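Heads up, the thing below is written out as structure tokens.
Read-outs: derived from the displayed coordinates by stated rules, not from any lab. Only a predicted model underlies this, so the values are computations on that prediction, with no experimental measurement involved. Positions of Cβ are generated from backbone atoms using ideal geometry, with glycine treated the same way; all protein chains shown enter the neighbour counts.
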């Protein structure tokens, strides 16, 4: 079974063959630290976290994943100035917010997470190579700007399948010192009014790096001249990724062999943006739903498909998570010891098809149904086997409810309060069972209604009464079965 990935550059599925056998090098463009992250920002991290997990679990690769931090750019300087704080303080605050949001969503830490400002020497070296090779030039006005000469590189546009003659410069592009308006900045000369701390010396003058140069230099340092996968949001294809590829290959580097891009999260068909306010920040949404539910929502749609955000979508994600949790608690009443078994073949086949998570989740829920049937039939061994397969599959997707990361509310261990709650509910269910046995249905119904008023839902099944907590943002969820 081979992993097939959709390569943006070739516009087709390609078998993944790594540069170095048994290893996979992945570079993904991290966030610019201009503000706190909303869910549209973090989708890329969840998508590539699933890729990373599958490379490891599905194929046994040793993965080096680089997720950079763009901690200096025009927007950071502008927003920090408006806020009246140093740019580096503004950047660091938002870097911390981003890291906390990704951790909250169960995104595994990157192998390395380099900051752009920590790699100025590597950028200057790459820039000098391009100047020496005739692919870049210092601005004639001695402003300190250095530009990539797009006409010097005939393959410019091949990543996004565009012809140079059809391209226009960005409306906000700074035209000073350019030979051609479509040339892009490798280095931006220091401007009056900008902080002195936001510039570094180069042979061409004082200044700071252009966005595109940053990623090429950092990818090269940590993954080598040629590496396997470069990923990011679909909106980065042009100009950012096109420019990265052009400058790297013009410098003689092999650069990325596969390009993967995730689609947007939209609201009413429009790309999510900061102008929509703070309601979509990860920190705000996780006040309404558990982080596990938000992670499931962001994981459940194929990475190349656009996601339409809405409260109904979160409700559906919560229902799906609770269904998985309820089964696992019934099938593994003693908890989970961390054992991961082989995933089913149908699951692996779906994941190998360009990370087809919808197909993979179909296998998860087929297995949940299988396990619940086994429980209803009294076959605890078959139910446990199904549960371990469900745990292993959801672990690949980063939504394993029993992972300790999600805490005791989802099965990562039970605290005293949760245990006491379970004992109290079991006592009331036993009283209800006795009342039903005595045909005292009025008392049995009263107990059920009493539990419902405090958020405990009771469902009668062939194997006994199953209970679960109605999800409330500040309450723990649980599920159990009483004979």
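Full extension of the chain between residue 129 and residue 75 yields a length gain of 16.6 nm, computed as 0.36 nm times the residue separation minus the alpha carbon distance.
What's the extension gain from residue 315 to residue 339 if we count 0.36 nm per residue and subtract their Cα-Cα distance?
That works out to 5.6 nm of additional length.
Taking mean projected area of the Cα convex hull in nm² as calculated from this structure, the corresponding entry among (1) 25.2; (2) 27.4; (3) 23.3 is (1). Measuring nothing but how far apart in sequence close Cα pairs (under 8 Å, 6+ apart) lie, relative to its length, the range 323-410 scores a relative contact order of 34 percent. Assign one of three labels to the range 323-410, namely rounded, prolate or oblate, based on the Cα gyration tensor with a ≥ b ≥ c the square roots of its eigenvalues; rounded applies when a/c is under 1.5, prolate when it is not and a/b is larger than b/c, and oblate otherwise. It is oblate, given that a/c is not under 1.5 and a/b is not larger than b/c.
Highest mean packing first, where packing is the average number of other Cβ atoms within 10 Å per residue, the peptides 238-244, 149-155 line up as 238-244, 149-155. If a spin label sat at a point 7 angstrom from the Cα of residue 20 along the line to its beta carbon, the backbone N atoms of the range 247-261 nearer than 18 Å would be those of 253-258.
Would you mind classifying the range 1-136 by shape? Square roots of the alpha carbon gyration tensor eigenvalues, ordered a ≥ b ≥ c; an a/c under 1.5 is rounded, otherwise it is prolate if a/b is larger than b/c and oblate if not. Oblate, since a/c reaches 1.5 and b/c is not below a/b. With a ≥ b ≥ c taken as the square roots of the eigenvalues of the C-alpha gyration tensor of the range 105-230, please select rounded if a/c is under 1.5 and otherwise prolate if a/b is larger than b/c or oblate if it is not? Because a/c hits 1.5 or more and a/b fails to exceed b/c, the range 105-230 counts as oblate. Scoring 157-166, 49-58 by mean Cβ neighbours within 10 Å over their residues and listing the highest first yields 49-58, 157-166.
Please report the spacing between the Cα centers of the range 188-214 and the range 63-120 in Å, no decimals. Computed from Cα coordinates, the inter-centre distance equals 18 Å. Here r is the Cβ-Cβ distance between residue 113 and residue 93 and R0 is 22 Å; the resulting FRET efficiency, rounded to 0.05, is 0.85.
Footprinting exposure proxy ranking of 295, 448, fewest other C-beta atoms within 10 angstrom first, gives 448, 295. The stretch between residue 373 and residue 11, if pulled fully straight at 0.36 nm per residue, gains 126.0 nm over its current Cα-Cα span.
Peptide packing for 31-38, 351-358 was compared via the average number of neighbouring C-beta atoms within 10 Å per residue; ordered from the highest value, the list is 31-38, 351-358.
Calculated [222 nm] ellipticity per residue, helices only, for the chain: -13000 deg cm²/dmol; basis is -39500 (n - 2.57) per DSSP H run with n ≥ 4, divided by all residues, nearest 500.
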